[in-house]
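Chemist: Following this message is one structure expressed as structure tokens.
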Amino acid sequence: MTSNDRVIVTIENGVADVRLNRPEKMNALDSAMFKALVDTGERLKHDPSVRAVVLSGEGRAFCAGLDFGSFQAMAGDEGMEIGAEPKGDRITNLGQQAAYVWAEMPAPVIVAVQGVALGGGCQIALGGDLRYCTPDARFSVLEIRWGLAPDMTGTQLLPRLVGLDVAKELTFTGRMVSGTEAVAIGLATRVCEDPRAEALKTAHEMASYNPEAIQGAKSLLNQAGLISLAEGFAGEEHLIRRLIGSPNQVEAVKAYFEKRPAVYDDPRR
């Protein structure tokens, strides 16, 4: 499966390996990249075979942010299209959806960062559930350098990871954060020498578990702090009642005791 030459996708054993594919430009974002990210994410969201996603960048960087050539386009029709008002049922414009589509994914998403994740690239990484990075990776909410503010969901997603004060510091200064510091402040999940290999390993492990449990837990965790405790507890109760005794839950138990891989029915079929 492929989107276009800007994003390439392969799916194996329920794991979608998604790679930004503009290595000669450090996977910088242009109109084609925005569209490819949204198109790819939307298709994977509705693919019942996908149980985990790994998002990475080809070459020496995850994503260097907005292509400098796009600055001029921002004042024209292309920029207006990227930052257009929400369309249809979406709460996002095109640029925002390039990041937020990964948060909307029913399956867990692991972002693997090598090199840099700057500006829009950093905001795309925030859309994942987990972020694996090299110790010397560099993250930055870089928009302030260009006289801009984060506009790809970063103002809403970043504080949930690092806290409001740290989010403000990173946004107001645009300072570079190493992979090691990113883990320390909650911006990233794990430091590893080969983030993509580790992400794929973890994704295949996740894909081996009951997809109804994984997807249900992701939905509840994403709502934590955004809904009341009563609503959250009620959601837990509803999910566990739906899971206990279900075919996939029974299969998980059988497979464990029979020491074999589980074979699950997709919860969305």
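Chemist: Suppose we filter region 1-49 for residues that are within 15 Å of Val109 (Cα to Cα), part of a strand (DSSP E or B) and touching a residue at least 24 places away in the same chain (Cβ under 8 Å); how many remain?
Modeler: Of the residues in region 1-49, 8 are within 15 Å of Val109 (Cα to Cα), part of a strand (DSSP E or B) and touching a residue at least 24 places away in the same chain (Cβ under 8 Å).
Chemist: Within the set of pairs 6+ apart or on separate chains, which have a first residue in region 240-257 that is assigned to a helix (DSSP H, G or I), a second that is of a type in the set (Val, Ile, Thr), and C-beta atoms under 8 Å apart?
Modeler: Matching pairs, first to second residue: Glu251/Val263; Ala255/Val263.
Chemist: From Asp165, Asp194, Asp129, Asp151, grab the single residue that is surrounded by fewer than 22 Cβ atoms within 10 Å (Cβ to Cβ), in the same structural domain as Thr10 (by TED's automatic domain parsing) and touching a Gly at 6+ places or on another chain (Cβ under 7 Å).
Modeler: Asp151
The values are calculated or read from the model by the stated rules, or taken from the named source; none is laboratory data. Bear in mind that the values here come from a model prediction, so they are computed numbers and not experimental data. We place every Cβ from the backbone using ideal geometry, glycine too, and count neighbours over all the protein chains shown.
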